[in-house]
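Since the structure comes first, as C-alpha cells, the remarks are kept for the end.
The values are calculated or read from the model by the stated rules, or taken from the named source; none is laboratory data. Note that the structure is a prediction, hence the values are computed from the model and not measured. Note that we place each Cβ from the backbone using ideal geometry, even for glycine, and neighbour counts take in every protein chain shown.
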Amino acid sequence: MIKRHAPLVHAVPQVRRYVLSFVLDEPTRPDVPTQAMNVDAVAELWYDDVAAMKTAAASPEMKAVLANGALHLGAIKTFITEEIAVIA
C-alpha cells in the first residue's frame with residue numbers, strides 16, 4: 001500500500017511532509033487512565049498553513065489520495081492539529 005499511496009500524496013503540491021508512524025507497542029501507566037483505541041498507524045500530512053490544507057483538500061490530487069486510502073483503511077479518525085515547539 002505504501003508504495004502505491006506515497007506517490008499519490010507526493011502529487012499533492014501543498015503537502016510539505018508525509019509521515020507514517022506504525023504502532024510497535026502500547027505501554028500503559030498505572031497513574032493515568034487508558035483510552036481504548038484500536039490504532040495500528042498514524043499518518044501525518046504537513047502543510048504550510050490552514051489555507052494550504054484547505055486548498056489541498058479540494059484538489060483532484062487529494063481526492064485520488066482519499067479514494068486510494070479508502071481501499072485499505074478499516075477505520076479512520078482525523079485530527080487537525082497545531083504544533084507548538086516546546087523544546088526545539
Select from the range 58-87 the residues that are within 15 Å of GLU44 (Cα to Cα), without any contact (Cβ under 8 Å) to a residue 24 or more places away in the chain and assigned to a helix (DSSP H, G or I) and list them in ascending order.
LEU66
Taking the range 1-25 and keeping residues in a loop (DSSP other than H, G, I, E, B) and modelled with pLDDT under 90 leaves MET1
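Conditions tested, residue by residue: (1) under 17 Å from GLU83 (Cβ atoms); (2) in contact (Cβ under 8 Å) with a residue 60 or more places away in the chain; (3) touching a strand residue (DSSP E or B) at 6+ places or on another chain (Cβ under 9 Å); (4) loosely packed, with under 11 Cβ neighbours inside 10 Å.
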site	(1), (2), (3), (4)
ARG4	no, yes, no, yes
ARG17	yes, no, yes, yes
ASP25	no, no, no, yes
PRO30	no, no, no, yes
ALA36	no, no, no, yes
ASP40	no, no, yes, yes
LEU45	yes, no, yes, no
Would you mention how many residues in the range 3-52 are hydroxyl-bearing (Ser, Thr, Tyr), more than 20 Å from LEU73 (Cα to Cα) and within 15 Å of the chain's Cα centre (by Cα)?
1
